[in-house]
Structure formats: structure tokens, C-alpha cells
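Below: the structure, in C-alpha cells.
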Amino acid sequence: MNITYKLPSEEKVLMSGNEAVARAVWESGVRVACAYPGTPSTEILENLATYDDIHAHWSVNEKTSLEVAIGASIAGSRAFCCMKHVGVNVAADALMSLTLSGVRGGLVIAVADDVGFSSSQNEQDTRYWGRFAHLPVFEPSDSQEAHDMIKDAFSLSEKYATPVIVRMTTRICHVKGLVQLGERLKPDGKKFERDPAHWVMIPAHARERQKHQFERDDQLALLSEETSWNPVIEGNDKTIGFVASGPAFMHVREAFPDAPILKLGFSHPVPVEKIRDFGETVDNLLVVEETEPLVENTLKAAGIRCHGKDILPRCGELQPHIISSGVDVLLNGAKAGEAEKVPSVFPRPPSMCVGCPHLPPFYCLSKLTKKATIVGDIGCYTLGAGHPWRALDTTISMGASMGMALGMDLGRVEADKNKAIISVIGDSTFLHMGMQGLLEINYNHGNVTVLLLDNSTTGMTGGQDHAGTGRDIYGAATPKVDFLKLCEALGVNPERIHTVDPYEMPSLYKLIKQEIAQPETSVIITNKPCVLIDQFERKPAFRVIDENCSGCANCLKVGCPAINVTRRETEIRKSGSPFERAWVTIDTAACTGCDLCRQTCVYDAIVVDQAGV
């Protein structure tokens, strides 16, 4: 029997999908919640940390996050973890055994898919994990459904002893809607009972547990046909009927308000027979799903005639105008792309922040691209691949720079033997998945220069703390990783481990050149905080003295957004050759006083703005 205690009031509140998920987790009586930050899921745990009667923490990575949740569930408590879509790849080892062992206390995994590549290196579809791991999948289409589905997911998790995936997308995570609040449950605790045959996943036990998994598959398949989360929305125009889930459902409703829709809120297992019956009531059946044709392929395999990715894009968000274009192709024989196009907006490429401590390393690296192969990683510093630095040669996934750098060292051809190998990685990413790579490098006698950019935060996702900052999610003090000692423990020669102030560019450049010449692995650790966190100390701004400025544009090569070009003019050198002169100013309101631009100026045209001192 569940015991509840009253909130001050039950009311509707405007919430993002992430906020609604956090609220529902709390209302569900969860005791333990953990995550590794990753856009677009980050705010879920940040909001959970505001509730006093739940333990929330940042994990080192998604695998440890899920493992903590598994332990809490087996111990008898409801548990929750969340991650972005690529995080499931990291957690997959634990997930694929968890699906056999099952759970005790309800365990829900919220996964946020980045449909449209807003901030990710791929666009993988989490629904496939439901199929691969034999797990039920919910797909909300707004904040209220995100809230309600989380609560139902915990109930379903305990009823069927299974982890449950709730698939979010960027559109659901960050768009706000009214949410009806509820009370917090306090589920009865389930004391841990020793049962090795259930919880110890050796082959003999796993074989027996697999039988339970298959039985659960059959039960969930029946549930998908009956659940109210898969309703038929009636419509008068039977020319075309839609099968849609998540935000795609909303887009279909906007584009075709009079069409019948079978809405998939509980999307895996796919309710094949319900869709078959629905398809017989319409002239044409169109599956609208972001991003992969999972439902479409399932229906076709069952002999159900339908359309999907033959007329709709396989990637990106399926916005109303895109769906309309596809339907026009289907019904009227129009050519794809003839529908009304969305007006283009002025391009605004991403950039590092004003005064970012990553600017000087990439300015230095941009001078070394002919002497070194630069292997990048996932974080703010991935922007180093762009203008004006163009100082990254590869980036694949979180932590991969280390192992890839070793592979490039071992696999380079004779023509590249004289080029150095540099790996660039951030502090949070290094702790997430990079440590093993550095161990791999040293264990296998690699020669790689590692540039470890420690800015004391997880910057790309909004400035969260991690094991290297000395603070937890609540700001309380925790043991702080010593990167120098850690790198030495992983096998790096202590004489080849250096700490440097990145804003001292001449010293940084000299140090990088020194270390890439060494015949062994080196680690260079930069040690200044992100400009967006409290630990950063702003200094007096700089300004440009126009009459001293030669227009050489060296300062622009730092890449600081506070430096602006007001105009460009073509002038003639004394030699008679033309050159483009750039007239620049510094936005003193934005300038952090980092001094980088002044270090590039040989004409003393950049000085401290005395008016702001």
C-alpha cells in the first residue's frame, strides 16, 4: 500500500518537458536519481536536485549512472537515471544484462534524442534500444504527457519487473506546457533478499532469466494493443490516416487537423493489430516517425501496406511543412521538395565564449597543423574545428581522442612519421571516458601529446560540476581529482606532465612545441576556469587605439567574439601588392580582460580601457 502526503496544493504549472519529468520522478517516490549531463537531457537532474527528499547526483558517466540506479532498484527503492541518446551507448553493457535480471523497485530511464543534430555527433533513434533490449518504450508529445508517462512507467516497471525507457526529444525536453501537479508517493520499501540465481548474471542463471524476458515480451505486446496511451484520434477526412508518436504527432495535428491519427504513446512493442485495423479505415496509411523507420518496417513485415520514409525524410524533425510536402507527393504526385519552404535565417555559426580559456590552446594549435595531427573530442573545444582556428583533424565520440591518437601513432604511414600526434580533451570528458584511453596509450608505448583542457566544469552542457571540481550537484565539497597524480598513476612519466596558464600564450606555445618533440607520451594541463562559472575572475576590458592599428587582423585569429570587424578596405603595400585591412573594435561590455588579443598585437594598438577600470 502506498502512503501519500499532501503537497501545499495541486495546480497547473508551466513546465518544460525536462522539468515535468523531474517533477514526476519526485511524485513517483523515487529515492535515487543520477545522470551524466548531456544536452538535451541535462535539466532533468538539475531540477531533481531541487527536491529535498530525493538523492540526486552527477555520475562520472552514463554507465555508472545506470549501475547506481540498478543497485538502488535491487535494494528495493524506486530509481531513475537519464541521459542523452549517445549516452545509452556508454550504458549499454549494464542495460543489456539488466533486461535479463529485471528490477525490484521501479527503474525508469529517460533518454533524450537529439533529432536534428542540435548539439550531437549523431542522430540515433533510442527506440531501437527498446527492441534490442526487449524493453517497453514510452514517447510523450508534450510536457503533461512526459509527466504522466513517467509515473505510469514506474508502475509498469514494478508490475512487469522491467526497466522502462521514456524517449524524449529536444522538442519535448525544452518546450513548455501546462502540467497538472500531483502528490508524492512513498512506496513501501522492499528489503533486499539474497537470490543469486536471480541477480548473478552468469550464463547458467542468464539462460533461465531469458525465459522470463520472452514471457514479458508477450505480455507487453498484449499491453501495447490495449493501452490508452495508443489511442485513435478520429477524423472526418479518410483520404489519409497517420500513425505518429512524440512531437511528430503534434506536427501531424497541425498540418492535418481533420485527419484520423493513431497516436503511439507506448511505442514499443508496436501494436501491430491495432494499426492493422486502423489502416483498414483509411485510403492511405502514413507512418510519421522521427527518425528511423522502426514502426514502418515492423508494419511492412506484418503485411500492412503503408508509406513512410519513401516520402518523408529519414533525418531531422518532421515539421508540418515537411509532412505536408510528403502527403502532396503521395496524393498528388508532386515532386519532393515542392512544398512551401521555411524562410532561411542568417547563419550564426557556434563560437567559443568571450575570453574562453580554450581560445589560446587552439590559437597555438592553429600554428601547428602542418607539424601535427590533432585528434579532438566532445566538448566546447570541439568548436576548435571551426573558423578561425581549423585546428582539429578528427572527432568521433566522448573520450575517443585518446585511443584514436594511439591508433594514429601506431598506424601512420611513412610520409607522416615526422608529424606529432596531439590529443585534445576536456576535464569532464577525460573523467567520463578518457582515462582508459590514456592508460591504453601508456600500456602500449604510444607517443602522444595530450592537451588536457581543465576549465573546472562540464562546460558544453551548461557548467555542471564533476569529480574534478571538488563540488557535487548541491555545491557541497567533495574529494577533488588531482589530474597530475591521476595521469602519473596511469603511467605517464611525471617529467612529462605539465600544468600551464593558458592565457600565457607564449609559454603555452613553447611548451606544446617542446612536448611534441619528445619520444614519449606527454600531458599538458591547462588550469583556468570557464568564463561562465563563479570561479572565473573578470579583469579590466581592453580597447583598440585606431591610429595605432595596422589592420593586420592578427587579433581576429584568436577567435574571441568580443573582437568585431567594423569595415574592411583594400590597401596597397609599399611593395605594390594589395592587402585587405580590417578595422576592428573590442566590445568592452563583453570583454573579460583575458589579454589574448593584446598578445597578438605587435603595434601596441590594444590597451586597457581605462574608462572601465
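None of the figures in this text is laboratory data; all of them are computed from the coordinates on show. All values derive from a computational prediction rather than experimental measurement. We place every Cβ from the backbone using ideal geometry, glycine too, and count neighbours over all the protein chains shown.
Potential lengthening of the chain between E495 and L532 amounts to 10.1 nm, from the contour at 0.36 nm per residue minus the alpha-carbon distance.
Working from the Cα coordinates of segment 232-332, the gyration tensor eigenvalues give, after taking √(5λ), semi-axes of 17, 15, 13 Å in decreasing order. Here the chain is treated with +1 on each Lys and Arg Cβ and -1 on each Asp and Glu Cβ, and its dipole about the Cα centre works out to around 1240 debye. Inter-part distance, segment 437-473 to segment 198-232, computed on C-alpha centroids, equals 39 Å. Label sites at D195 and A385, each approximated as a point 7 angstrom past Cα along Cα to Cβ, lie 4.7 nm apart. Give the Kirkwood hydrodynamic radius (Å, one decimal) of segment 405-452, defined as one over the mean of 1/r across all pairs of different Cα atoms. This gives a value of 11.3 Å. Out of every Cα-Cα pair that segment 359-526 contains, those further apart than 30 angstrom amount to 10 percent. Using the Karplus relation 6.51 cos²θ - 1.76 cosθ + 1.60 with θ = phi - 60°, the per-residue 3J(HN,Hα) values for segment 30-45 come to 5, 9, 10, 9, 8, 6, 10, x, x, 5, x, 9, 3, 5, 4, 6 Hz, with x marking Gly and Pro. Relative to the 2.2 N^0.38 Å rule of thumb, segment 341-450 has a C-alpha radius of gyration ratio of 1.17. Between the residues S155, P187, S397, the greatest Cα displacement towards the positive end of the dipole of the chain, with unit charges on the Cβ of Lys, Arg, Asp and Glu, is found for S397.
Put simply, the amide H of V584, placed in the peptide plane, has neighbours under 5 Å in T566, leaving out anything fewer than 5 places away on its chain. Amide H to amide H distances under 5 Å link I233 with I261, L262, K263, where only residues 5 or more positions off or on other chains count and H is placed in the peptide plane.
Using the Cβ-Cβ distance between T50 and K367 with R0 set to 60 Å, the FRET efficiency from 1/(1 + (r/R0)^6) comes to roughly 0.85.
Taking 0.36 nm per residue of sequence separation and removing the Cα-Cα distance, the R348/D604 pair yields an extension gain of 89.1 nm.
Pairwise alpha-carbon distances in segment 3-226 exceed 31 Å for 15% of all pairs. Close amide H pairs (under 5 Å, H built 1.01 Å from N) link A541 with D609, residues at least 5 positions away or on another chain. Among the listed pairs K528/K557; K274/K300; K367/K417; K485/K557, which have their C-alpha atoms separated by more than 25 angstrom in this model? Pairs exceeding the cut-off: K485/K557. Overall, the ratio between the Cα radius of gyration of segment 542-612 and 2.2 N^0.38 Å, rounded to two decimals, is 1.12.
Here the translational diffusion coefficient of segment 161-280 follows from Stokes-Einstein with Rh set to the Kirkwood radius across Cα pairs; for 37 °C and 0.692 mPa s it amounts to 183 µm²/s. Taking the DSSP beta bridges with both ends in the chain, the antiparallel portion is around 35 percent.
With all pairs of different C-alpha atoms in the average, the Kirkwood value for the hydrodynamic radius of segment 18-99 is 12.4 Å.
The label point for E414 and the one for S507, both projected 7 Å from the Cα toward the Cβ, are 4.3 nm apart.
Of the residues G308, F266, G235, the one whose Cα sits farthest towards the positive end of the charge dipole of segment 216-317 is G308 (charges of +1 on Lys and Arg Cβ, -1 on Asp and Glu Cβ, taken about the Cα centre). Given G411, A541, A517, which one lies farthest toward the positive end of the charge dipole of the chain, if we put +1 on the Cβ of every Lys and Arg and -1 on the Cβ of every Asp and Glu? Positive-end residue among those listed: A517.
Of K510/K574; K190/K480; K186/K263; K84/K151, which sit over 26 Å apart, Cα to Cα? Too far apart for the 26 Å limit: K510/K574; K190/K480; K186/K263. Here r is the Cβ-Cβ distance between S228 and T394 and R0 is 51 Å; the resulting FRET efficiency, rounded to 0.05, is 0.60. Of all complete DSSP H helices in the chain, those with a Cα span along the helix axis of 24 Å or greater and a mean Kyte-Doolittle hydropathy of -1.0 or more are 143-160. Calculated on the Cα set of the chain, radius of gyration then Dmax: 27.5, 90 Å. Computed extension length for L14-D217: 69.4 nm, one decimal, from 0.36 nm per residue of separation with the Cα-Cα distance subtracted. Using the empirical formula 2.2 N^0.38 Å as the baseline, the Cα radius of gyration of segment 82-169 reaches a ratio of 1.05.
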